[in-house]
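Chemist: Below are the structure tokens for one structure; questions will follow.
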Amino acid sequence: MQRLSRRPPSRALERAFRGLCLLAVLLPVALLGVLLFDVIRTGIARIDVEFLTSFPSRRPEEAGILAAAVGSLWLVTLTAAFAVPIGVATAIYLEEYARTGRLAGLIEINISNLAGVPSIIYGLLGLELFVRALALGRSLIAGALTLALLVLPIVIMATREALRSVPASLREAALALGATPWQVVRQVVLPIAVPGVMTGSILAISRAIGEAAPLLVLGALSYVDFLPEGIRSPFSALPIQIFNWTRRPQPGFAVDAAAGIIVLMATLLVLNATAILTRNRMQKRLGR
Amino acid sequence: MVSWTLVSVPSTCRIGVAPLLTLACAAGCTVPAGTGGIVVVDGSSTVYPISEAVAEEYGRRGPGRVAIGTSGTGGGFKKFCKGEVAITGASRPISAGEIATCEAGGVDFVELPIAYDGIAIVVNPAADWVDHLTVDELARLWAPAAQGTATRWSDLRAGWPDAEIHLFGAGVDSGTYDYFTQAIVGTEHASRGDYTASEDDHVLVQGVASDIHALGFFGFAHYVESAHGLRLVAVDDGRADNGDGPIAPSVVTVGDGTYQPLSRLVFLYVATSASVGPEIAPFVRFYLDTVASVVQDVGYIPLPAQAYPLVRARFDARMTGSSFDGAGSQVGVRIEDLLGMG
Amino acid sequence: MPPGRPIRRVRRVRRLGEAIIERGLLGSALLSILTTVAILVILGRNTVDFFAEVSLAQFVLDTQWTPLFADKHYGIWPLLAGTFLTSAIAIGVALPFGLLAAIYLGEFATPRMRAVLKPTLELLAGVPTIVYGYFALVTLTPLLQRIMPGLAGFNALSPGIVMGIMIIPMITSLGEDAISAVPRTLREAAYALGAGKLATVFRVVVPTAMSGIAASLVLAISRAVGETMIVAIAAGQQPRLTLDPREPVETMTAYIVQVAKGDTPTGTLEYRTIFVVAATLFVITFVANVASFRLARRYRGR
């Protein structure tokens, strides 16, 4: 019987290694904290009611984020309106109706690939398909459809996880009682999976709200001084506005960009916190 | 178990109905882009700051509803000649090909010069060996043949440091690049390719400001906006009749035509077809009336005071067509000649 | 329930409804295939048109990329070099941190610690890339310039490091899954043979979890290669065939943004270069994704 090591390594070495690993966990987070702190320090003074309710301006002190924030809100709502139903439907199909088989396997590997396609390629897809071929122009709806395609894999994967977590016994019980597959899904599986679906939707929305590259390729506008007026309206979005501000030479705009980042991060924080709270409450209600 | 039904009904409704509602809304509650009162401007990123300033003032007077894109001079013309936008900014006159496309698209336009812009040559403040540059030296530096050959400061002028030059300049998509190559190299679009090319002047400003061996060219307006960290280089065009010796760009020298050959006009092109929405004309009138007062705010040089009423008259009379016959970037054009001001 | 024909009618209607629903769900699922087909068509059509005018030899052998200038070169290598350089730096940062973090979470952390630390690390992945880009340009580059005076304002190092931070959770998450999936019996056998924690981790656990770790690594590479905003803001826009991280470079993704945002009219050769570059990008990420998928399946034992 051969020993794996010739002598036991010193406890000190093991402890040092453990410390190193812990450092590996904490250091990046700490670095992120430092960077965020720097941004907050730069931009927090700029955030006031005026900043939140003004339109862009050539003067950094007068520029505001209203059009971009409202545009992002519209964009993300539309994106979710498309991505969530289609994503849930796809996940239901894959989990409940066609778990095996070549088609299901093909769809599965396809989704896994789409999840890894760079967002800029979705931008090109949106440009050629929605903006040009379907002649939707540089509008909210073109942006929303593009982002919906981008986040669809996220919704699908999260929903599948949620559906999988429903015990098979419940399904079988329902089937034994004579329920059709759709009745099983609608009345037994889905209600239990709703918290997971919500998580997936929030993940998708969080991703969509921060995406700039596809919107840039679609042709985002640099100056918008009105709120969107319909789904074919031109629009701006938070990441685009931040991007534009980082491009301008005046130092005041760097402060505006920092303030914009704070708004974006705060929105994400609120979004995720609400989602986690709601999900926890739903899970409690369902007795899990 | 009891709570299922409370949760299940809403979730099912929510699942199926949302995209249908959105699509239904698409049919009914659309606002076609460009009409319905939104003024869409596109075109040159050089002209963008002027348009932005005007739009901001316009918005102060009442609900503005102006959207400005920056697809570049050529990209803007492409949309303009297809009728997708009614106003486009250009940092060079419309070319022959673009005039033909507009004709094919049934788009008549009015050409409106709105300001002067200079192209500034800048170096890092610590590059103290550079006193001035001649047009010949610039031509040697930027010609296509320079790619790979003229790579060091000492190649340019004897006595200068034997260090690599790091070049920054406008991207090939911009009117600034078109004009610069026309004025310096002599042929539009001909230049070396091994430099940092960017439409975003911030990229260029940062590049030169952080590198002692850097040299760059971009719009004078952007120099004005970010003067710290850069140093202007005076340019000597070798001609005595428009100012002797090396001349640095400034509001004065660009305005009176002594900073040559790197001074140019920038333009606004407005479509005059019947299908153009009613919100366009009031905006353009406001633009022409206001531009003189905001132009210096954003680093451009206003035309002489007498010029603006003439430009305004040109728009009011809807004088279509270009004065440049599609010849592209023109060097040394003075507004007085253009508008026949004598 | 009343017997007879009404039941049969109800049943028939219900079966019809079921069939419609199933077809509808299938339709949704097919949308994902349609998306991939659309991407392939759009990239493929423009790529074919591109290669009708530019030879494949030029694309693969030329070492300059200047399609927009008067002196046109169509060699893909400068863009590939830019992408490779930034991604390599990112992996160089992410792999050690990610792996060690995965080992900590899988071997040393208590379930409670894991419940806290894992979501905290996930935060890194949740930050929008534009924010990371801003960090790289405004905070990290000046910092690095103080340490390395020769550093250009735009370089590959700064965005590479920031990208690395961003993808650490990818390696940690999948890596930790793989490490936790290693059977306890293997570990206990190692301890029984007298191995300490260190030896067990490096000579038993990690090798066993290797396919899962490899899957996470390949996925992380795919993510780094496809990243756009961080490099577009901080790496520069000068295609350069170099391996020096202190110089400005241009990645494939940054080039696509540069041209798509700009002036180039559609239908021209210059415009098609976007799609050729995008196609190259797609092929690279596709190969990486499939490899990762296969590796992950192997460690999950399916």
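Chemist: Output the residue which, of all residues in the range A:253-288 that are surrounded by 15 or more Cβ atoms within 10 Å (Cβ to Cβ) and among the small types (Gly, Ala, Ser), is farthest from A:Phe37 (Cα to Cα).
Modeler: Checking each candidate, the answer is A:Ala275.
Chemist: If you take the residues of the range A:139-169 that are among the hydroxyl-bearing types (Ser, Thr, Tyr) and closer than 18 Å to A:Tyr93 by Cα, which of them is modelled with the lowest pLDDT? I'd like the intermediate steps shown before the answer.
Modeler: First pass over the range A:139-169, keeping only residues among the hydroxyl-bearing types (Ser, Thr, Tyr): A:139, A:146, A:159, A:165, A:169.
Remaining after also requiring closer than 18 Å to A:Tyr93 by Cα: A:159, A:165.
Values: A:Thr159: 90, A:Ser165: 84.
Only one residue fits best here, namely A:Ser165.
Chemist: Sort out which residues of the range C:63-72 are part of a loop (DSSP other than H, G, I, E, B) and buried (at least 19 other Cβ atoms within 10 Å of the Cβ), and write them in order of number.
Modeler: C:Gln64, C:Thr66, C:Pro67, C:Leu68, C:Phe69
Chemist: Taking A:Ala212, is it aliphatic (A, V, I, L, M), over 15 Å from A:Tyr93 (Cβ atoms), in contact with a Ser or Thr (Cβ under 8 Å, 6 or more places away or on another chain) and buried (at least 23 other Cβ atoms within 10 Å of the Cβ)?
Modeler: Judged against the criteria, A:Ala212 is a match.
Chemist: To continue, here is another question. Mind checking which residues of the range C:1-50 are exposed (fewer than 15 other Cβ atoms within 10 Å of the Cβ), modelled with pLDDT under 90 and among the hydrophobic types (A, V, I, L, M, F, W, C)?
Modeler: Answer for the range C:1-50, where residues must be exposed (fewer than 15 other Cβ atoms within 10 Å of the Cβ), modelled with pLDDT under 90 and among the hydrophobic types (A, V, I, L, M, F, W, C): C:Met1, C:Ile7, C:Val10, C:Val13, C:Leu16, C:Ala19, C:Ile20.
Chemist: Right, next: Among the residues in the range C:82-104, are any outside any helix (DSSP H, G or I) and modelled with pLDDT of 85 or more?
Modeler: no
Chemist: Could you figure out which of (1) small (Gly, Ala, Ser); (2) without any contact (Cβ under 8 Å) to a residue 60 or more places away in the chain; (3) over 23 Å from B:Gly89 (Cβ atoms); (4) crowded, with 18+ Cβ neighbours inside 10 Å isn't true of B:Ala240?
Modeler: Just one mismatch for B:Ala240, condition (4).
Chemist: Checking B:Leu265 against (1) outside any helix (DSSP H, G or I); (2) among the aliphatic types (A, V, I, L, M); (3) surrounded by fewer than 16 Cβ atoms within 10 Å (Cβ to Cβ): exactly one of these is not met. Which one?
Modeler: Condition not satisfied by B:Leu265: (3).
Chemist: Right, another one. Does the range A:243-258 hold any residues that are within 17 Å of A:Tyr223 (Cβ to Cβ) and modelled with pLDDT under 85, and which are they?
Modeler: Scanning the range A:243-258 gives A:Thr246, A:Arg247, A:Arg248, A:Pro249, A:Gln250.
Chemist: Working only within the range B:197-210, note down all residues that are outside any helix (DSSP H, G or I) and buried (at least 24 other Cβ atoms within 10 Å of the Cβ). Outline the logic, then answer.
Modeler: From the range B:197-210, those outside any helix (DSSP H, G or I) are B:197-200, B:210; that's our starting set.
If the condition is that a residue be outside any helix (DSSP H, G or I) and buried (at least 24 other Cβ atoms within 10 Å of the Cβ), then B:Ala197, B:Ser198, B:Glu199, B:Asp200 are the ones that fit.
Matching residues to (1) more than 27 Å from B:Tyr300 (Cβ to Cβ); (2) small (Gly, Ala, Ser):
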{"site": "B:Pro113", "(1), (2)": "no, no"}
{"site": "B:Gly118", "(1), (2)": "no, yes"}
{"site": "B:Val135", "(1), (2)": "no, no"}
{"site": "B:Ala139", "(1), (2)": "no, yes"}
{"site": "B:Ala158", "(1), (2)": "yes, yes"}
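Chemist: Evaluate the range A:207-228: report whether one residue or more is under 30 Å from A:Pro191 (Cβ atoms), of a type outside the set (D, E, K, R), in contact (Cβ under 8 Å) with a residue 60 or more places away in the chain and in a helix (DSSP H, G or I). Can you show your working first?
Modeler: To start, the set of residues in the range A:207-228 that are under 30 Å from A:Pro191 (Cβ atoms) comprises A:207-209.
Narrowing further to those that are of a type outside the set (D, E, K, R): A:208-209.
The next check asks that each one be in contact (Cβ under 8 Å) with a residue 60 or more places away in the chain; those that pass are A:208-209.
With in a helix (DSSP H, G or I) added as a condition, the list becomes A:208-209.
Within the range A:207-228 (the criterion being under 30 Å from A:Pro191 (Cβ atoms), of a type outside the set (D, E, K, R), in contact (Cβ under 8 Å) with a residue 60 or more places away in the chain and in a helix (DSSP H, G or I)), the answer is yes, since at least one residue qualifies.
Chemist: Looking at (1) over 24 Å from B:Val54 (Cβ atoms); (2) outside any helix (DSSP H, G or I); (3) more than 9 Å from chain B (Cβ to nearest Cβ), can you tell me which one A:Arg232 breaks?
Modeler: (3)
Chemist: Next question. Report yes if C:Met210 is surrounded by 23 or more Cβ atoms within 10 Å (Cβ to Cβ) and either among the hydrophobic types (A, V, I, L, M, F, W, C) or not assigned by TED's automatic domain parsing to the domain that holds C:Thr280 (or both), otherwise no.
Modeler: Judged against the criteria, C:Met210 is not a match.
One line per residue, one yes/no per condition, for (1) over 23 Å from the mean Cα position of the chain (by Cα); (2) surrounded by 24 or more Cβ atoms within 10 Å (Cβ to Cβ); (3) outside any loop (DSSP other than H, G, I, E, B):
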{"site": "C:Glu176", "(1), (2), (3)": "no, yes, yes"}
{"site": "C:Val205", "(1), (2), (3)": "yes, no, yes"}
{"site": "C:Ile233", "(1), (2), (3)": "no, yes, yes"}
{"site": "C:Pro239", "(1), (2), (3)": "no, yes, no"}
{"site": "C:Pro248", "(1), (2), (3)": "no, yes, no"}
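Residues are listed down the side, and each one gets a yes or a no for (1) more than 30 Å from B:Tyr58 (Cα to Cα); (2) among the aromatic types (Phe, Trp, Tyr); (3) at the interface with another protein chain (Cβ under 8 Å from one of its Cβ atoms):
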residue: A:Gly33; (1), (2), (3): yes, no, no
residue: A:Ile44; (1), (2), (3): no, no, no
residue: A:Phe51; (1), (2), (3): no, yes, no
residue: A:Ala67; (1), (2), (3): no, no, no
residue: A:Trp74; (1), (2), (3): no, yes, no
residue: A:Val84; (1), (2), (3): yes, no, yes
residue: A:Arg99; (1), (2), (3): yes, no, no
residue: A:Arg102; (1), (2), (3): yes, no, no
residue: A:Asn110; (1), (2), (3): yes, no, yes
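Chemist: Being within 14 Å of chain A (Cβ to nearest Cβ) and hydrophobic (A, V, I, L, M, F, W, C), is that true of even one residue in the range B:298-313?
Modeler: yes
Chemist: Take A:Ala68 and tell me if it is surrounded by 21 or more Cβ atoms within 10 Å (Cβ to Cβ) and either at pLDDT 90 or above or among the small types (Gly, Ala, Ser) (or both). Working first, answer last.
Modeler: Working: surrounded by 21 or more Cβ atoms within 10 Å (Cβ to Cβ): yes; either at pLDDT 90 or above or among the small types (Gly, Ala, Ser) (or both): yes.
Judged against the criteria, A:Ala68 is a match.
Chemist: Among the residues of the range A:201-229, what is the count of those that are within 14 Å of chain C (Cβ to nearest Cβ), over 15 Å from C:Ala260 (Cα atoms) and not small (Gly, Ala, Ser)?
Modeler: The number of residues fulfilling the criteria is 6.
Chemist: Only one of these is of a type outside the set (Val, Ile, Thr) and in a loop (DSSP other than H, G, I, E, B): A:Gly71, A:Gly87, A:Gly33, A:Gly64. Name it.
Modeler: Values: A:Gly71 fails: in a loop (DSSP other than H, G, I, E, B); A:Gly87 fails: in a loop (DSSP other than H, G, I, E, B); A:Gly33 fails: in a loop (DSSP other than H, G, I, E, B).
One residue alone meets the criteria, A:Gly64.
Chemist: Taking C:Leu30 as the residue in question, decide whether it is away from chain B (no Cβ under 14 Å) and in a helix (DSSP H, G or I).
Modeler: yes
Chemist: Could I ask something else about it? Restricted to the range C:90-118, and to residues that are under 20 Å from C:Val231 (Cβ atoms) and more than 11 Å from chain A (Cβ to nearest Cβ), which residue is surrounded by the fewest Cβ atoms within 10 Å (Cβ to Cβ)?
Modeler: C:Gly92
Chemist: When you go through A:Leu106, A:Leu26, A:Leu78 one by one, which is the residue that is facing chain C (nearest Cβ under 8 Å) and part of a helix (DSSP H, G or I)?
Modeler: That would be A:Leu106, the only listed residue that is facing chain C (nearest Cβ under 8 Å) and part of a helix (DSSP H, G or I).
Chemist: Next question, about the same structure. Going residue by residue through the range B:240-252, is there one that turns out to be within 14 Å of chain C (Cβ to nearest Cβ), touching a His at 6+ places or on another chain (Cβ under 8 Å) and in a loop (DSSP other than H, G, I, E, B)?
Modeler: Checked against the condition, which is being within 14 Å of chain C (Cβ to nearest Cβ), touching a His at 6+ places or on another chain (Cβ under 8 Å) and in a loop (DSSP other than H, G, I, E, B), the range B:240-252 yields no hits at all.
Chemist: Further question: Looking at this structure, is B:Asp194 over 20 Å from B:Asp128 (Cβ atoms) and surrounded by fewer than 23 Cβ atoms within 10 Å (Cβ to Cβ)?
Modeler: In short, yes.
The values are calculated or read from the model by the stated rules, or taken from the named source; none is laboratory data. As the structure is a computational prediction, the values presented were derived from the model and not from experiment. Ideal geometry is used to build each Cβ from the backbone, glycine not excepted, and the neighbour counts take in all protein chains shown.
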